[in-house]
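To start, the structure under review is shown below, and the notes come after it.
The values are calculated or read from the model by the stated rules, or taken from the named source; none is laboratory data. None of these values were measured; they are calculated from a predicted model. Methodologically, a virtual Cβ is constructed for each residue, glycine included, from the backbone with ideal geometry; neighbour enumeration extends over all protein chains shown.
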Amino acid sequence: MLPTCNSHETDRSAARPATSAFRRGHARGAQRAGATRSTPASNFVRYPRPVTKVFLEIGEIELFYPAPLLDNMVSSSSQPARGRALDEFKRRLGTRPALLVRSPGRVNLIGEHTDYNDGFVLPMAIDRATWIALRPRDDGKVALHSIDFNQSAEFPVSDLSRGGAEWAEFAKGVAEQLQRVPVTLKGFEGVIATDVPVAAGLSSSASFSLAIARAFHAVSGFPWNSAQMALLCQRVEKERMGVNCGIMDQLVIASAHDGQATFIDCRSLAVQPAPLPARHAVLILDTKKSRTLAGSAYNERRAQCEAAARVFGVKALRDVSAEAFRAGEAKLDPLIRRRARHVVMEDDRVERAVTALRAGDAKAFGDLMNASHESLRTDYEVSCAELDEISSLARNQAGCLGARMTGAGFGGCAVALVEEGRAHAIASAVTAGFSQRFGVQPAVYVTFPSGGVSHEAL
């Protein structure tokens, strides 16, 4: 297995142009009227710092938007979320904020359904994030306004009882977990803006929880430890929100390095940066299909994996090598065998993927992405027609090295590694082909790996 090393606890104080979203939103269509101008797609260029782009087709006219149009959100402004947070703070409070927090979303490049098996994953933080413009308060209260939900919430850190907006429960949960450490918390008032698509499998809720944790860190002065904060925010999901999630989302958001994917050992929580190939970009392909079956299927698969681990006499499937699995797979029920085979081989694929990245071998990495999708489709059975089609469409374009579903499955997003210079053409072809088959226009995002959660003094 690959060696692992501990995360560098770096205070990344420089904010970066980016944006993100909360997982749960109101079911409403994209409010496209807010995008007042568009730029022709022929103007697709590489900016001095990579910025996120979205391609859409409307009839025969293809449009390029510098920022994504958000589904399930109130706001649809094309203004970057950073600027929206700053402007709304000044409008509401009459002054500039003292601090600005940025917490990215994430996409998993390879290593699906391995995290809760104590295995390996290779996600990256993306260049869109939750932003909180804030200033400290001396009365121990937290007052928040979400631009994208058009809702406000206020609570004292001494009373974290339930009630009010669901997104605010994440903030209360973070405060609750921090006080269990224990740390002494100060209050703050902040304005939140975000542009990670909701319910698309890009970890909008983990992005928000880490943003709140970083805000408390900034105003209260307690030490920041990436692994500790990731575990703390994971407990918020499990205990406050009732979501039995793995650690991947929180840990990559807490510890990512700019320009790098993050190799995570989900047992030890050790992380290592892994460079993406030069002159390549990542496409996030949002099918717009809701993941309605993901919750029940997740619980079923988790139980099946635990059953397989018991047969092998190990704590988790991470402890079963590919060779040991082949030697002992006949002992497993056929269904359990398929589930276990995916997990064991996926761990092996992640390790080989990291080796490929470090060697600069984009083709080998792409081949592993393709194999991962096939395993998720046939052995783990968490794909769907939409994910299969959008991955296949990308895979069949010149300049695409590999594509696979990402996230829990049954909907949401796929991810592809592409040559940067062909990203525009691939995005356009995928959009056209998917729309023709399903009558639904997917969202296609070109993104680059960003650093983890950070804050800056203004």
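Being of a type in the set (A, V, I, L, M), surrounded by fewer than 20 Cβ atoms within 10 Å (Cβ to Cβ) and assigned to a helix (DSSP H, G or I) narrows it down to one of Ala278, Ala307, so name that one.
Numbers: Ala278 fails: assigned to a helix (DSSP H, G or I).
Exactly one of Ala278, Ala307 is of a type in the set (A, V, I, L, M), surrounded by fewer than 20 Cβ atoms within 10 Å (Cβ to Cβ) and assigned to a helix (DSSP H, G or I), namely Ala307.
What is the one condition in (1) assigned to a loop (DSSP other than H, G, I, E, B); (2) hydroxyl-bearing (Ser, Thr, Tyr); (3) buried (at least 22 other Cβ atoms within 10 Å of the Cβ) that Thr262 does not satisfy?
Answer for Thr262: the failing condition is (1).
Could you please find all residues in region 315-352 being touching a residue at least 60 places away in the same chain (Cβ under 8 Å) and either in contact with a Gly (Cβ under 8 Å, 6 or more places away or on another chain) or exposed (fewer than 13 other Cβ atoms within 10 Å of the Cβ) (or both)?
The initial filter retains those residues of region 315-352 that are touching a residue at least 60 places away in the same chain (Cβ under 8 Å), namely 315-319, 342-343, 346-347, 349-351.
Passing the criteria: Ala316, Leu317, Arg318, Val343, Glu346, Asp347, Arg349, Val350.
Could you tell me which numbered condition Val101 fails, if it satisfies all but one of (1) under 30 Å from Arg341 (Cα atoms); (2) surrounded by 24 or more Cβ atoms within 10 Å (Cβ to Cβ)?
Failing condition for Val101: (1).
Name the single residue that is surrounded by the fewest Cβ atoms within 10 Å (Cβ to Cβ) among those in region 144-160 being among the hydrophobic types (A, V, I, L, M, F, W, C), within 26 Å of the chain's Cα centre (by Cα) and within 18 Å of Ala213 (Cα to Cα).
Kept after step one, since they are among the hydrophobic types (A, V, I, L, M, F, W, C), are these residues of region 144-160: 144, 147, 149, 153, 155, 157, 160.
Now narrow it down to the ones that are within 26 Å of the chain's Cα centre (by Cα): 144, 147, 149, 153.
With the extra rule that they be within 18 Å of Ala213 (Cα to Cα), the set shrinks to 144, 153.
On the way: Leu144: 22, Ala153: 20.
Only one residue fits best here, namely Ala153.
Going through region 426-456 one residue at a time, which ones are out of contact with any helix residue (DSSP H, G or I) (no Cβ under 8 Å at 6 or more places or on another chain) and outside any helix (DSSP H, G or I)? Walk me through it before giving the result.
Of region 426-456, the ones out of contact with any helix residue (DSSP H, G or I) (no Cβ under 8 Å at 6 or more places or on another chain) are 427, 431-432, 435-436, 439, 443, 445, 447-451, 456.
Result: Gly439, Ala443, Tyr445, Thr447, Phe448, Pro449, Ser450, Gly451, Glu456.
State the number of residues belonging to region 118-145 that are touching a Phe, Trp or Tyr at 6+ places or on another chain (Cβ under 6 Å) and of a type outside the set (A, V, I, L, M, F, W, C).
Residues flagged as touching a Phe, Trp or Tyr at 6+ places or on another chain (Cβ under 6 Å) and of a type outside the set (A, V, I, L, M, F, W, C) within region 118-145 amount to 4.
Being touching a strand residue (DSSP E or B) at 6+ places or on another chain (Cβ under 7 Å), assigned to a helix (DSSP H, G or I) and either among the small types (Gly, Ala, Ser) or touching a residue at least 60 places away in the same chain (Cβ under 8 Å) (or both) is the requirement here; does Ala423 meet it?
Yes; evaluated as a whole, the condition is true for this residue.
Residue under question is Pro136, and the condition is that it be surrounded by fewer than 18 Cβ atoms within 10 Å (Cβ to Cβ), assigned to a strand (DSSP E or B) and modelled with pLDDT of 95 or more; does it hold? Outline the logic, then answer.
On the way: surrounded by fewer than 18 Cβ atoms within 10 Å (Cβ to Cβ): yes; assigned to a strand (DSSP E or B): yes; modelled with pLDDT of 95 or more: yes.
Yes.
When you look at Arg437, is it within 30 Å of Ser209 (Cβ to Cβ) and not small (Gly, Ala, Ser), yes or no? First the steps, then the outcome.
Working: within 30 Å of Ser209 (Cβ to Cβ): no; not small (Gly, Ala, Ser): yes.
So Arg437 does not fit the description; no.
Restricted to region 182-201, and to residues that are out of contact with any helix residue (DSSP H, G or I) (no Cβ under 9 Å at 6 or more places or on another chain) and either under 20 Å from Lys288 (Cβ atoms) or touching a residue at least 40 places away in the same chain (Cβ under 8 Å) (or both), which residue is surrounded by the most Cβ atoms within 10 Å (Cβ to Cβ)?
Here the residue is Ala200.
In region 245-291, what count of residues is obtained for those that are out of contact with any strand residue (DSSP E or B) (no Cβ under 7 Å at 6 or more places or on another chain), polar (S, T, N, Q) and under 18 Å from Ser103 (Cα atoms)?
Within region 245-291, residues that are out of contact with any strand residue (DSSP E or B) (no Cβ under 7 Å at 6 or more places or on another chain), polar (S, T, N, Q) and under 18 Å from Ser103 (Cα atoms) number 1.
Touching a residue at least 24 places away in the same chain (Cβ under 8 Å), touching a Gly at 6+ places or on another chain (Cβ under 6 Å) and not in a strand (DSSP E or B): is that true of Val236 in this structure? Reasoning before the result, please.
Values: touching a residue at least 24 places away in the same chain (Cβ under 8 Å): yes; touching a Gly at 6+ places or on another chain (Cβ under 6 Å): yes; not in a strand (DSSP E or B): yes.
It is true that Val236 is touching a residue at least 24 places away in the same chain (Cβ under 8 Å), touching a Gly at 6+ places or on another chain (Cβ under 6 Å) and not in a strand (DSSP E or B).
Return a yes/no flag: does region 161-176 have any residue that is surrounded by fewer than 21 Cβ atoms within 10 Å (Cβ to Cβ), under 30 Å from Gly94 (Cβ atoms), in contact with a Ser or Thr (Cβ under 7 Å, 6 or more places away or on another chain) and free of Cβ contacts under 8 Å to residues at least 40 places away in the same chain.
no
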